[in-house]
1. Just the number, please: carbon plus sulfur as a percent of the accessible area of the chain, 1.4 Å probe, no ligands or DNA/RNA counted.
2. What shape does region 41-140 have by the C-alpha gyration tensor, where a ≥ b ≥ c are the square roots of the eigenvalues, rounded means a/c under 1.5, and otherwise prolate means a/b greater than b/c and oblate the rest?
3. Would you calculate the convex hull of the Cα atoms in region 174-284 and tell me its volume per residue in Å³?
4. Antiparallel as a % of all DSSP beta bridges within the chain, to the nearest 5?
5. To the nearest 0.05, how large is the calculated FRET efficiency for LYS232 and MET1 if R₀ is 51 Å and r is the Cβ-Cβ distance?
6. Which value at 222 nm does the chain reach when only helices count, each DSSP H run of 4 or more adding -39,500 (n - 2.57), with the total divided by all residues and rounded to the nearest 500 deg cm²/dmol?
7. Per 0.36 nm of contour for each residue apart, how much would the distance between ALA159 and CYS262 grow if the chain were fully extended, relative to their Cα-Cα spacing?
8. Compute the normalised compactness of the chain: alpha-carbon radius of gyration over 2.2 N^0.38 Å, N being the residue count.
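The values are calculated or read from the model by the stated rules, or taken from the named source; none is laboratory data. Just so it is clear, the structure is predicted and the values come from calculations on it, not from any experiment. Quick reminder, even Gly has a Cβ in these numbers, built from the backbone with ideal geometry, and neighbours come from all protein chains shown. The area values use the complete protein model at the heavy-atom level, side chains included, leaving out ligands, DNA and RNA. Shrake-Rupley method; radii C 1.70, N 1.55, O 1.52, S 1.80 Å.
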Amino acid sequence: MKTCIMVSGGDAPGINTAIEAYARLARLGGDQVLGARNGFAGLLDEQLVELDRSLLSLLAGRGGSILPSSRRPALQDPNARERLGDVMRRHGIDNLLLFGGDGTIRHVAPLLAGWDISCIVLPTTIDNDVAGADYTLGHDSACNFATQAVAGIRATAHALPGRIFLLETLGAPTGHLALAIAYTSGADLALLPEYPLELDWLSERLKQIVARQGAALVVLSEAYPDIDRLVKEIPRRTGIRLRYTALGHAQRGADVSHRDRCVARDMSRVAWRAFKDGDRNGTVLWRAGAAILHHGSSPGEHKPPPDRHLYEYINQL
C-alpha cells in the first residue's frame, strides 16, 4: 500500500506529529508513504517527496507542517479529476491521507469520494469547529500558547493597574477557541461572534471590574463584530486606558502539547488501520475521548455554537 500525505488549508500544531506517526506505522507494516508539497496544486504538479524519517522525528513536536499547504483551488480546474487519477496511477498511489479543517471535510472529501479517490481526512484546526467532532487536532496547543500570553498580560496588569486588556484569539468565524481560552485563563469577559454584547453594557461592566480589582482581562474572537470600533469606543466610554493584543497566526505555529501529540498518534493509527482494512473514504473524528472513523461523507453541516452556559458563567449574565 502506498499513501500520499498532504495538507489542505491552514496548518495546525500536531500535523507533523501525525505525519511522523503514520510514516512509522507504514514502515513497520511494509507500506510506502509519499508527501505532496503545496496541497492539491502540488500533487497535480507532481511535487512529491520522500518523507525523511529522521527529519520527521526531529520535527514531530514542532508546530506548522513539514509539507507546505496551498490555498489554490486546484480541484476546480476542468481537468483536475483526470490529472489526479493520472498522477496517482503513475506513482502507484493507493490512497490519500489529508489534513484539513471544516472546509476540507465538507467540500473536498465528498468531491474526492465522488471521483472514486480513496481518501481519509484528519481534522486539523485550532478553531475546534468541525461538525461531529468533540475536538480537533491543534486546539489544545493553541490554547496553551494563549495561556502563556495571558500570564504576561497579568504580570503587566499587576505592575501597572488601571487598564483594560483585550486579547484577540484566532478562531475563524466561530468563538470556540476564544471561549476555551477565556475560561481557562480566568478572563473577566469573553466576546464571541455568536453572542455579541451591547457596547454600553460592556463599557459599564468593564468600569465596574477595573474599579473592583484594578484591571480587566477580555478575551475576544477575531470574528467578533467591528473590533476596531470596540477598541476605540471602550476607552472613550469608560475613561480607562485599553491595551490590545492580537495573538494572530503565531497560535497556529505553537509547539505541540502533550494532549495533541497523543491525539495525533491516535488519529494516525485509526487512519492507517482503516486503509489496511479496506476503508476508502472517511474522517477520523475525536469523540468521547477516542479517535473513531466516520465512514463516508461529511459528519454534519456545521458544529453547534459555543457552550452558552459556559459563556454566561464567564460573563456573569
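1. Working: 6800 of 13700 Å².
Accessible surface attributable to carbon and sulfur in the chain totals 50 percent.
2. Working: a/c = 2.05, a/b = 1.20, b/c = 1.70.
Note, shape of region 41-140 comes out oblate.
3. Enclosed volume per residue, from the Cα hull, is 135 Å³.
4. On the way: 10 of 44 bridges.
Here the antiparallel bridges make up roughly 25 percent for the chain.
5. E between LYS232 and MET1, to the nearest 0.05, is 0.35.
6. Values: 11 runs with 129 residues, N = 317.
Result for the chain, helices only: -12500 deg cm²/dmol.
7. Working: separation 103, 0.36 × 103 = 37.08 nm, distance 3.81 nm.
That pair, ALA159 and CYS262, stretches by 33.3 nm at full extension.
8. Working: Rg = 21.6 Å, N = 317, 2.2 N^0.38 = 19.6 Å.
That ratio works out to 1.10.
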